[in-house]
Structures are given as structure tokens and as C-alpha cells.
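Below is one structure, written out as C-alpha cells; comments come after it.
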Amino acid sequence: MEIVLLPTSEECGRVVADAVAGTLAETRERNGHVVLGLATGSSPLLAYGELARRHREEGLSFADVEGFLLDEYVGLPAGHSESYLEVIRREFTDAAGLDPARVHGPDGTSPDPMAAARDYEERLQAAGPVAVQVLGIGANGHIGFNEPGSSLASPTRVKTLTEQTRRDNARFFGGDPEAVPRHVITQGLGTILRAGHLVLVATGEAKAAAVAAAAEGPVSASCPASALQLHPHVTLVADDAAGSRLEGADHYRYVLEHKLAEQGW
Ligand code: GLP
């Protein structure tokens, strides 16, 4: 795992944009088509803003990109402003010129969420592999909506949110945790680990314990993001506050300072 510690969240956004654009370009050259794994939440917003800016001002193209979301709430009506499909269009894909028909998520409106989860896993398998997957991290170490206790080999499935996650996400639902759906469909940890390159971004002190557990703790279902230690190509980008509990912080900064240009992201 490459751990990139940077002073500000703006710098984190630029590095994440570099990593995503770089892997998309390499994969396009090799495979002819590219799948981008999309995360919602506030963590990737600066990176999405930077990618959209490059699209607008520098001709970075997403026209041939197929986008797949990590997760979706169960039970919100189609088109609900907080459904992740709506959120990602509003906050990134429209501004990046990604055709809405090429942006996919689990069907949280299905009367049979279990079947919708299996169907999404199959759609991902058919379209994949995901070239680069953007990830945030929850304060309890969740990625996607894989809460603590998630199998490290899990496929896309229905999960029940912790009360903590519902409280964390209440800010998007008028401040009322009870308005946050209790169930979700999320790519599993096994699904996420199939992507070619995982780019996790974390900012702010509230993420410091989760980042340290993910990168330096034991690989354990108690911290779902620790599954990233099993993947051969992970870039963990954190600002100083989110990285403040990493024991190896000085070493990671030293490695970054002496990084060879050829090493890329
Ligand atoms: C949410 C999402 C995750 C996200 C995480 C952190 O509930 N399902 O994909 O990474 O929690 O969110 P934020 O980036 O807003 O802190």
C-alpha cells in the first residue's frame, strides 16, 4: 500500500485526480475500454471537482468510461435526491461529461433487494474489471457500506447500517437519523478487491483512527478497510489530520519525497 500524506485536502484531491486519470489512461491504452468505480460521500468531492475541471479546461475525456457505484440505499424512490445514483450525477458525472446511461448502481428501488444485489454483482462481473476504484472510509472503518463484521470475501449483498452510520449520514436527510434508510446494497469487500487499482481518500481528524487501523492494524473484519492490505495496488491519500495516528507517518513522507517519477501512482 502506498500511503501519501499531504498537508491539505486540496492537495489530496489533486493526487487522487492524478491517480484516477493515470490509471484510466493506462487501462484505455491496454484494453480499449475502461470502467471507473465511483464512491459517494464527501471525501472524494475535491478529487471529482478537479477531474471535472480537467474535463472542462484540459480535454480530459470520460466519453468512453463506464461508471459503477459502490453502493445504494434500499427503499428510496427512483430519482430521490439522496439516492447515490442522483448524488453521483449531481456531484461528478454530469460535470465530467459521463453519459448518464453509462453510470450504474445497485437497484435500491427493487421489491427484491436480494435479487438486485446478485444482479449488480453479475453486471459488474460482465462489465469489469473495474480499472480504478475510488473509495472513502467511514469513521468505523467501513468502505462502501461494508460495516464492521463484513466478510473479507463478501460479494455485493444487502447490509444493515450501524446506528452510528445512520447518525453520520443524517446530515443528508435533514438531520434526522430515522430518515436514513436502514438497509443498503453494497459491493462486497471481495468485489472491491477485484478492481485493478484502489484509491482511498481520507481527510480530517475524525478519520484518523480508521485510517491507522486500515493501514497498520491487523487485517480484520472489525476494520473492513484493512482488507485493502490484501490488494497489490492501493494508493491511500490522506491529509495530515487523517494521517495523524499513523505510526509510520515519517517514513511515508520520506518515501514520497524520494519517489521516482517512473513509479507513478
Ligand atoms: C458513506 C458511504 C461511503 C463513504 C463513507 C464516508 O456512508 N457509503 O462510500 O466512503 O460513508 O463518507 P464521507 O466521505 O462523507 O465521510
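Here are a few things to note about the model shown:
- Residues that are within 16 Å of the ligand (Cβ to nearest atom) and of a type in the set (Ser, Thr, Tyr) within region 15-41 comprise just one, Thr40.
- Boolean, Glu121 is more than 16 Å from the ligand (Cβ to nearest atom), in contact with a Pro (Cβ under 9 Å, 6 or more places away or on another chain) and of a type in the set (D, E, K, R): yes
- Failed item, numbered, when Val20 is tested on (1) surrounded by 20 or more Cβ atoms within 10 Å (Cβ to Cβ); (2) modelled with pLDDT under 95: (2)
- Output for region 213-239, where each listed residue is within 16 Å of the ligand (Cβ to nearest atom) and out of contact with any strand residue (DSSP E or B) (no Cβ under 8 Å at 6 or more places or on another chain): Cys223
- Matching residues in region 223-254 - criterion: being in contact (Cβ under 8 Å) with a residue 60 or more places away in the chain and over 19 Å from the mean Cα position of the chain (by Cα): Asp240, Leu246, Gly248, Ala249, Tyr252, Arg253
- Pair list, Cβ under 8 Å, 6 or more apart: region 172-191 residue at pLDDT 95 or above, other residue surrounded by fewer than 14 Cβ atoms within 10 Å (Cβ to Cβ) and assigned to a loop (DSSP other than H, G, I, E, B): Gly188/Ala153; Leu189/Ala153; Gly190/Ala153
- Any hit, region 57-74, residues being assigned to a helix (DSSP H, G or I) and more than 16 Å from the ligand (Cβ to nearest atom): yes
- The set of residues from region 131-171 being aliphatic (A, V, I, L, M) and within 15 Å of Leu228 (Cα to Cα) comprises Val132, Val134, Leu135, Ile137, Ile143, Leu152, Ala153.
- Conditions (1) buried (at least 19 other Cβ atoms within 10 Å of the Cβ); (2) part of a helix (DSSP H, G or I); (3) in contact with a helix residue (DSSP H, G or I) (Cβ under 8 Å, 6 or more places away or on another chain); number of the one not met by Tyr120: (3)
- Against the criterion of being crowded, with 19+ Cβ neighbours inside 10 Å, under 15 Å from the mean Cα position of the chain (by Cα), β-branched (Val, Ile, Thr) and part of a helix (DSSP H, G or I), Val35 does not qualify.
- Residues located in region 144-168, provided they are of a type in the set (A, V, I, L, M, F, W, C) and either in contact with a strand residue (DSSP E or B) (Cβ under 7 Å, 6 or more places away or on another chain) or within 13 Å of the ligand (Cβ to nearest atom) (or both): Phe145, Val158, Leu161
- Summed over region 1-32, the residues that are touching a strand residue (DSSP E or B) at 6+ places or on another chain (Cβ under 9 Å) and part of a loop (DSSP other than H, G, I, E, B) give a count of 3.
- The set of residues from region 178-205 being within 14 Å of the ligand (Cβ to nearest atom), under 22 Å from Lys159 (Cβ atoms) and surrounded by fewer than 17 Cβ atoms within 10 Å (Cβ to Cβ) comprises Arg182, His183.
- Taken together, Thr165, Thr156, Thr160, Thr109 contain a single residue that is hydroxyl-bearing (Ser, Thr, Tyr), at pLDDT below 95 and farther than 26 Å from Glu57 by Cα, which is Thr165.
- Leu135 being at pLDDT 95 or above, closer than 18 Å to Ile88 by Cβ and within 14 Å of the ligand (Cβ to nearest atom): yes
The values are calculated or read from the model by the stated rules, or taken from the named source; none is laboratory data. On a predicted model such as this, the values are computed, not experimentally measured, just so you know. Backbone-built Cβ (ideal geometry, glycine too); neighbour counts: all protein chains shown.
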